[in-house]
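The structure appears below as structure tokens.
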Amino acid sequence: MSGAKLQAPRGTFDVLPGDAHRRDRLVALSTKVLEGAGYAHTETPIFEDTALFARGVGESTDIVQKEMFTFEDKGGRSLTLRPENTAGICRAYIEHGMHKLPQPVKLWSWGPFFRHEAPQAGRYRQFTQLDAEALGSDDPSLDAELIVLLAQILEQSGVRARLLLSSLGNSDTRAEYGEELRAHLRAHESELSDEVRSRMDSNPLRAFDSDHPGTRAAMAEAPRLIDRLDREDTTHFAEVRALLEEAGCAYELDPTLVRGLDYYTRTVFEFQSDDLGAQRGVGGGGRYDGLVEKLGGPSTPGIGWAAGVERILLASQPQAEGIHSPVRAYVVVPKPEERPRAFRMVQALRQAGAVAEMEQAGRSVKGQMKQADRIHADYVVIAGDSLEVKDMGSGEQREVASVEDAVAAVTA
Ligand code: HAM
């Protein structure tokens, strides 16, 4: 068969050896931070029944209406590549009776997700999310804890992001407020964009998200949900805020914060980075106290977030410690009989946390120095008659007395 050149599908990308390292480091950093707070690694399938997302994420959302990769299997069942993680985690919580475990159940995951969006910088059709969820308690300390954990991961990854925070209250408050907002939108119908007008009844909150000038002007005078919260939700939100302040976690109140998923109740938040283009959201989440019940489980509160791995890497500053490479060393072996010492040298460097390789292809010393350049070695250790360490940045070369001294010079 001949034909057109085969390429990765639109909106997808290959992770090549040069890119993989920072991704792996980000996952390692997140594992440490989340496991350190009692979150346990969990994996759910990459495809699920379409009904899970239709019910879980919400029929009126962009995700369900336009962005799902849905297909029929050979048995005629409708399946969908997961566009997000929360619905799958709630399904697993119900299916495995996790409500019988001591609560809250704290879980974290990472993996690929799929949305059929128009590709652009930071927006892909297959992307990677880090995700953390806590089910079975509505304690405000969980809201604050999860927010602080994401703030720490972002900070240690070198991402500068603003934290936007709001509360959506409970479903009754939202329903009443929805009516009030619809009435406001109807009164300003002629000023609204076509899209907002067509969604006015199904999803009036999305009007706050519009860039359309007329809509924006109408929304500036709109009633705000945050002013309509009942006493319990107001107290809950005040506690979340007090705990964030206790933890020194800066936030901005944004009563117009709209998240693109329907399941949220009470606390919602988003970290946005101005170092990204149009796709400013690096990570976000909130409470979903009605979701488990909606999916057929017992009434169970829950809260969580997801952050985009690709967006974190795009927004991260190069000098950040957390996700950037450890020092890299190349051991040059001028003569084959010096191989044992070179081999010992490599093991010692690796044990000390450096990335280390040695000559393994019979190159000349000149060829080995070239190879060291090719792999972007920070240091070259020349294991010849004497032991020498060359700093590839400054070009400075000096003799050291022992393998231990060479390790110290490289990893200092
Ligand atoms: P989300 O805001 O839809 O929330 O997605 C979370 C993050 O995933 C975004 O902030 C962004 O970094 C990344 N992301 C989303 N779509 C794309 C895309 N097309 N390309 C690249 N990155 C993308 C959720 O998914 C919720 N499940 C979060 C949550 C968990 N809420 C409660 N628990």
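The values are calculated or read from the model by the stated rules, or taken from the named source; none is laboratory data. Everything numeric in this text was worked out from a predicted model, so none of it was measured. Every residue, glycine among them, receives a Cβ derived from its backbone with ideal geometry; neighbour counts consider all protein chains shown. Side chains included, ligands, DNA and RNA excluded: accessible areas come from the protein's heavy atoms. Shrake-Rupley method; radii C 1.70, N 1.55, O 1.52, S 1.80 Å.
In table form, for the structure just shown:
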item: Dipole of the chain, positive end: most advanced residue of Tyr39, Leu314, Leu387 [Cβ charges, Cα centre]; result: Leu387
item: Per DSSP, loop GluC sites (Glu not before Pro) in segment 191-256 with at most 11 further Cβ within 10 Å; result: Glu221
item: Accessible solvent surface per residue of segment 143-247, calculated while the other protein chains remain in place, 1.4 angstrom probe, Å²; result: 51
item: Cα-centred dipole magnitude for segment 208-351, charges only on beta-carbon of K, R (+1) and D, E (-1), debye, nearest 20; result: 1040
item: Charge dipole of segment 66-138 about the Cα centre (unit charges at C-beta), most positive-ward option of Gln120, Ala92, Phe71; result: Phe71
item: Under 5 Å, built H, 5+ apart or other chain: amide partners of Ala356; result: Ala329
item: Portion, in percent, of the accessible area of the chain that falls on carbon or sulfur, probe 1.4 Å; result: 49
item: Counted charge near Ala8, where neighbours are those whose Cβ lies closer than 13 Å (Asp, Glu -1; Lys, Arg +1); result: +2
item: Part-to-part distance (alpha-carbon centres) for segment 88-157 and segment 1-40, which is given in Å; result: 17
item: Estimated vicinal HN-Hα couplings, Hz - segment 10-15 in sequence order (Karplus 6.51, -1.76, 1.60; Gly, Pro = x); result: 3, x, 10, 8, 8, 8
item: Principal axis box of segment 238-294, alpha-carbon based, largest edge first, Å; result: 39, 30, 17
item: Whole-Å semi-axes of the ellipsoid equivalent to segment 108-158 (Cα gyration tensor, √5λ, descending); result: 26, 15, 9
item: Whole-Hz ³J(HN,Hα) from phi, Karplus 6.51 cos²θ - 1.76 cosθ + 1.60, for segment 137-149, glycine and proline x; result: 8, 9, 4, x, 5, 6, 4, 5, 4, 5, 5, 5, 4
item: Cβ-placed point charges (K, R +1; D, E -1), dipole of the chain about Cα centre in debye, nearest 20; result: 1440
item: Only Lys, Arg (+1) and Asp, Glu (-1) charged, at Cβ; segment 165-215 dipole about Cα centre in debye; result: 60
item: Rg over Rh, two decimals, the chain (C-alpha only, Kirkwood Rh); result: 1.08
item: log₁₀ of I(q)/I(0) at q = 0.10, 0.19 Å⁻¹ - segment 301-412, Debye sum with one point per alpha carbon; result: -0.36, -0.92
item: Glu95-Lys32 FRET efficiency (beta carbon distance; Förster radius 45 Å; 0.05 resolution); result: 0.95
item: Unit charges at the beta carbon, dipole of the chain: most positive-side option, Gly3, Leu181, Leu150; result: Gly3
item: Calculated on alpha-carbon atoms, Rg and Dmax of segment 204-361 in Å; result: 25.5, 81
item: Across Lys5/Lys66; Lys366/Lys390; Lys66/Lys106, pairs whose alpha-carbon gap is larger than 22 Å; result: Lys5/Lys66; Lys66/Lys106
